[in-house]
Amino acid sequence: MTNKIPVWIDVDTGVDDSAALLVACKLPQLDIRGISAVAGNVVLANSFENTRRVCALAGRSEIPIYPGADRPLFNVLETASHIHGEDGLGGAEIPPSPAPVETKPAWDALYEAAVACGGELQVISVGPLTDLAIAFQKYPELKTLIKRILIMGGAAKGGNVTPCAEFNIVADPHAAQMVFKAGVQVVMCGLDVTMQAYLTHPELAQIENYDSDVCRFMGTAIARAKAFYAAIIAPIVCLHDVCPVLFAAYPHIFSGEEAGVYVETRGTITNGKTVTDLWSDKQFPEKNAFVVLDVDREAFAGLVTDILTSY
Ligand code: RIB
Ligand code: CA
């Protein structure tokens, strides 16, 4: 495919990160230049190893994977192991990767990839934004070399850690603020759209029952999340992290609005909130983000199912 989109993917592999990686590794539209793992859902050692193993399962062990930050910039790491399991894959076991273990820090590798792509690199980040923030701090010119940042993170309304904060942002609000203020347009796939980006139990069954190692893995990995959502929301599983990946390749199934977005870093009740001017008279000086608000759920579910059952 000509005109592939050069992307860098930063993950805190976890269960929905795994789905995002498996989808990304199959998309012909994407030229994955590198992947980095950050501490978030689980500790760095687990998110790094999980990322290596999931990419090997996808048959993409040639993609270099780099270790990122093992903690937020200033906050203490608080994982989401209650959802993803201590291992981060919901207890699913997959073979180790044959790929050599990269030791170069994520921020250095990301910078080198951005230079090599001459300003065309797009960064997809689906965990805390610590790695990207460090890269921006170490390489001030990086903001001129990244075309766009697509994140799973934040929420114009609501939150899943507090009533106004989403996990990836509140895990490292200082890093998130640095990214929103870096001067690179951010496509924000927050809870506003990712809570719509779900698969129903019958849709999940098509993946769980498909005879492939990838689908057997996904079936096991999502079981814990399935029970979590069924207990507190509905018989669904939201695949949050798949949203920015599919936005990059299929933007037409999504919709949203330009907005100013900045992060609360000093609040007590509001700490980690992505404050947007979508619905306020007073506007921020800049529209630094595109806030994704809706998705064609049927199209989303169909793409995820088709891609995961194509392995
Ligand atoms: O709030 C959902 C986000 O937090 C997802 O990226 C999930 O993987 C967790 O990191
Ligand atoms: Ca994640």
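The values are calculated or read from the model by the stated rules, or taken from the named source; none is laboratory data. Computed from a predicted model, the values in this text were never measured in an experiment. Cβ sites come from the backbone with ideal geometry, for glycine too, and all protein chains shown count toward neighbours. For the accessible areas, the whole protein counts, side chains as well, though only heavy atoms, and no ligand, DNA or RNA atoms are used. Shrake-Rupley method; radii C 1.70, N 1.55, O 1.52, S 1.80 Å.
Quick notes on this structure:
- Contact map, the stretch 19-34: residues that are open to solvent by less than 10 Å² (accessible area, probe 1.4 Å) paired with residues that are aromatic (Phe, Trp, Tyr), Cβ distance under 6 Å, separation 6+ or inter-chain. Pairs shown: 34/8.
- Here residue 161 clears all of (1) open to solvent by 10 Å² or more (accessible area, probe 1.4 Å); (2) away from ligand 1 (no atom under 12 Å from the Cβ) except the condition numbered (2).
- For residue 80, the requirement of being within 28 Å of residue 170 (Cβ to Cβ), surrounded by fewer than 24 Cβ atoms within 10 Å (Cβ to Cβ) and touching a Ser or Thr at 6+ places or on another chain (Cβ under 7 Å) is not met.
- Residue in the stretch 174-188 that is within 15 Å of ligand 1 (Cβ to nearest atom), within 14 Å of residue 16 (Cβ to Cβ) and in contact with a strand residue (DSSP E or B) (Cβ under 7 Å, 6 or more places away or on another chain) present: no
- Identification of helices (runs of 4 or more DSSP H) wholly contained in the stretch 96-212 with 2 or more residues that are in contact with a Phe, Trp or Tyr (Cβ under 9 Å, 6 or more places away or on another chain) yields 106-116, 130-138, 173-180.
- Residue match in the stretch 50-57 (condition: touching a residue at least 24 places away in the same chain (Cβ under 8 Å), open to solvent by 10 Å² or more (accessible area, probe 1.4 Å) and touching a Lys or Arg at 6+ places or on another chain (Cβ under 7 Å)): no
- Condition met for residue 218 (assigned to a strand (DSSP E or B), in contact (Cβ under 8 Å) with a residue 24 or more places away in the chain, open to solvent by less than 20 Å² (accessible area, probe 1.4 Å) and of a type in the set (A, V, I, L, M, F, W, C)): no
- Within the stretch 238-259, the set of residues being touching a residue at least 60 places away in the same chain (Cβ under 8 Å) and touching a Phe, Trp or Tyr at 6+ places or on another chain (Cβ under 6 Å) comprises 238, 247, 254, 256.
- The residues in the stretch 17-74 that are touching a helix residue (DSSP H, G or I) at 6+ places or on another chain (Cβ under 8 Å), in a strand (DSSP E or B) and farther than 14 Å from residue 97 by Cβ can be counted, and the count is 5.
- Take the conditions (1) within 16 Å of ligand 2 (Cβ to nearest atom); (2) over 17 Å from residue 18 (Cα atoms); (3) surrounded by 24 or more Cβ atoms within 10 Å (Cβ to Cβ); residue 168 misses just one of them, which is (2).
- Test result for residue 46, surrounded by fewer than 24 Cβ atoms within 10 Å (Cβ to Cβ), farther than 15 Å from residue 247 by Cα and modelled with pLDDT of 95 or more: yes
- Members of the stretch 176-190 that are surrounded by fewer than 20 Cβ atoms within 10 Å (Cβ to Cβ) and in contact with a Leu (Cβ under 8 Å, 6 or more places away or on another chain): none
- Residue check for residue 208: open to solvent by 30 Å² or more (accessible area, probe 1.4 Å), out of contact with any helix residue (DSSP H, G or I) (no Cβ under 8 Å at 6 or more places or on another chain) and either away from ligand 1 (no atom under 13 Å from the Cβ) or basic (Lys, Arg) (or both): no
- Looking across the stretch 260-278, the residues that are surrounded by fewer than 22 Cβ atoms within 10 Å (Cβ to Cβ) and either among the basic types (Lys, Arg) or without any contact (Cβ under 8 Å) to a residue 24 or more places away in the chain (or both) come down to 266, 267, 268, 275, 277.
- If the condition is being within 12 Å of ligand 1 (Cβ to nearest atom) and either open to solvent by 30 Å² or more (accessible area, probe 1.4 Å) or within 21 Å of residue 114 (Cβ to Cβ) (or both), then the stretch 143-157 contributes 151, 152, 153.
- Hey, residue 199 of a type in the set (A, V, I, L, M, F, W, C) and within 13 Å of ligand 1 (Cβ to nearest atom) or not: no
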